[in-house]
Every structure is written in C-alpha cells, then in structure tokens.
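The values are calculated or read from the model by the stated rules, or taken from the named source; none is laboratory data. Fair warning: this is a prediction, and the values are worked out from it, not measured in the lab. FYI the Cβ positions are ideal-geometry reconstructions off the backbone, even for glycines, and counts take in every protein chain you see.
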Amino acid sequence: MSSLWLVGWSLLAMVLGPQPGAQVAQSIPSDQAPDGHLHFWLYLPPDYQKQPGKSWPLLLFLHGAGERGSQLQQVKRHGPPKLIDQGRSFPLVVVSPQCPRGKDWRQLAPSLLKLLDHLEKHYRIDPTRVYITGLSMGGYGTWHLVALAPERFAAAVPICGGGDPRKADRIKQVPIWAFHGARDRVVPLKRSQEMVQAVRQAGGEARLTVYPQAGHDSWTATYENEEVYRWLLQHRKKRPRTP
C-alpha cells in the first residue's frame, strides 16, 4: 500500500463520508512524516449516523515498533484495529495512526495532537471522553503523550511501555491502568512498575496488572478483556478542554 495510494484512498473516503462500523483509511498533513502526511484508520461506531445528536467517546491507539512504515495494513496486526477487522464492534470512535519508519511516537506527538483536533472538529467527539492506549513503542508513546498533554485525556492504558517518572506530577491528572508481562525481555517489567509507583506517589490514580507467564505480548489478553473498555468508558474529564 503506497503513500500515493493512501492519499488517494483518504481523499475518496472524505468524499464518501464516514462509514459507521468499518475502518476507513484517512490522512492529515504532518510536518513530522516523511511524505508530509500522517495516515490512520478511522472507525466510527455502527450507530454513529443513527444517533445524530450524540457525541461519542474516542480511543487513540498507538501501535508498536514492528508496525511502523508506509503499509497501513500493518496497523491491523494487533489491538483494537485487529479486533475491528475481525468483526468486533466498539461503542466509541477508534483512531489508529501509523508511525513512519525511523520515527517514534514521541517525535510524532505534535501530529497526534493535531489529529485529535482534526477529529474533534470534523466528527461528533465528546472532548471529555478521549482515551489513549498503546503497546510497546506505543506504550511508551502513551506515557509520553499523557505527560505532554494531560488535559486531552480522560484515561490511559499503556501496555508493556515506560516513561519518565520525573513527569509523574503531570501524569497524575489522568487515571492509568498499565499492563505488563512478568517475563518480558524486550521492555522490562520495571519500566511499568516505576511509572505506576511514581504516579501513585504524586497522588494520582494508577494501577498495574502483571501477567505472570507472559513475555512481551501482554497486549493480546489486554485488548480482548472487556473490563478494560468498561474501565475506560467510565472515566470522563470533569470539564471540557479549552481550545
């Protein structure tokens, strides 16, 4: 799937409009991306058009290092976009961007925030119920983005990632539920432990679920767990963000 094809498909998708119940390839301009665009899958709930007066919660999903590149289909290898591709429906908008090869989510952070601005402008998004999750590199990206813009997120689920404990005072504003495999040899368990501990010490709400037998793949079980989505959806920012 070339970048040119993606841009063409994105333009076609914009002309046709949203397709509730399906993931549609789209893009927005990005100064951080080599081809000048941040490409992403956009999923609208099946009832999006049936309830024209309703604003919907949004989940931003950040993939791992192995899904970087210009083949957007790779983003569907794991997490919510994989489940949606298999027929799963969600009661929220799901946006799954792709990080270009040679970049990471920290470098793409300005584009990710612009992506949220774009979606809130063009779709019926509830700004008090914007959530973020990611695995591995995306777990690191989740911690980073929450610390960078805590006012944007109502809750976060970082999986087998890590961050900067010195930023815990900013992160404490956002409820966190982290997941990690005890036998992870790619990202040590202590990376999640130190972040959760730091947020708790700062006075924030943070919990950590450890899978005793899991290695690096602690995301499959997490994203298949209905309780994770129920936990996310129960959180709401006390007041909308001021643009």
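Among the residues of the stretch 53-65, write down those that are out of contact with any Asp or Glu (no Cβ under 9 Å at 6 or more places or on another chain) and touching a residue at least 40 places away in the same chain (Cβ under 8 Å). Matches in the stretch 53-65: LEU59, LEU60, PHE61, LEU62, HIS63, GLY64. Among the criteria (1) in contact (Cβ under 8 Å) with a residue 60 or more places away in the chain; (2) under 30 Å from LYS50 (Cα atoms), the one ALA156 does not fulfil is (1).
Search the stretch 1-23 for residues being surrounded by 18 or more Cβ atoms within 10 Å (Cβ to Cβ) and touching a Phe, Trp or Tyr at 6+ places or on another chain (Cβ under 7 Å), and hand back the single one that is modelled with the lowest pLDDT. Selected residue: PRO18.
Please enumerate the residues belonging to the stretch 191-206 that are under 14 Å from TRP143 (Cβ atoms) and not aliphatic (A, V, I, L, M). Write out each step before concluding.
Kept after step one, since they are under 14 Å from TRP143 (Cβ atoms), are these residues of the stretch 191-206: 191-199, 202, 204, 206.
The answer is ARG191, SER192, GLN193, GLU194, GLN197, GLY204.
The single condition among (1) out of contact with any Pro (no Cβ under 7 Å at 6 or more places or on another chain); (2) surrounded by fewer than 24 Cβ atoms within 10 Å (Cβ to Cβ); (3) not in a strand (DSSP E or B) that GLY141 does not meet is (2). Quick check on my filter: what residues within the stretch 28-43 are among the aliphatic types (A, V, I, L, M), in contact with a strand residue (DSSP E or B) (Cβ under 6 Å, 6 or more places away or on another chain) and either crowded, with 20+ Cβ neighbours inside 10 Å or more than 20 Å from PRO110 (Cβ to Cβ) (or both)? The answer is LEU38, LEU42. In the stretch 36-52 there is no residue matching the filter, namely being touching a His at 6+ places or on another chain (Cβ under 8 Å), in contact (Cβ under 8 Å) with a residue 40 or more places away in the chain and not hydroxyl-bearing (Ser, Thr, Tyr).
Scanning the stretch 58-74 for residues that are surrounded by fewer than 24 Cβ atoms within 10 Å (Cβ to Cβ) and of a type outside the set (A, V, I, L, M) turns up GLY66, ARG68, GLY69, SER70, GLN71, GLN73, GLN74. Scanning the stretch 218-235 for residues that are surrounded by 18 or more Cβ atoms within 10 Å (Cβ to Cβ), touching a His at 6+ places or on another chain (Cβ under 9 Å) and not small (Gly, Ala, Ser) yields TRP219, TYR223. Filtered by the rule that a residue be closer than 15 Å to PRO158 by Cα and in contact with a Lys or Arg (Cβ under 8 Å, 6 or more places away or on another chain), the stretch 206-222 gives ALA206, HIS216. Looking across the stretch 25-55, the residues that are under 19 Å from ILE84 (Cβ atoms) and among the hydrophobic types (A, V, I, L, M, F, W, C) come down to ALA25, PHE40, TRP41, LEU42, LEU44. Here ARG129 fulfils each of the conditions (1) among the charged types (D, E, K, R); (2) in contact with a Gly (Cβ under 6 Å, 6 or more places away or on another chain); (3) touching a residue at least 60 places away in the same chain (Cβ under 8 Å) apart from (2).
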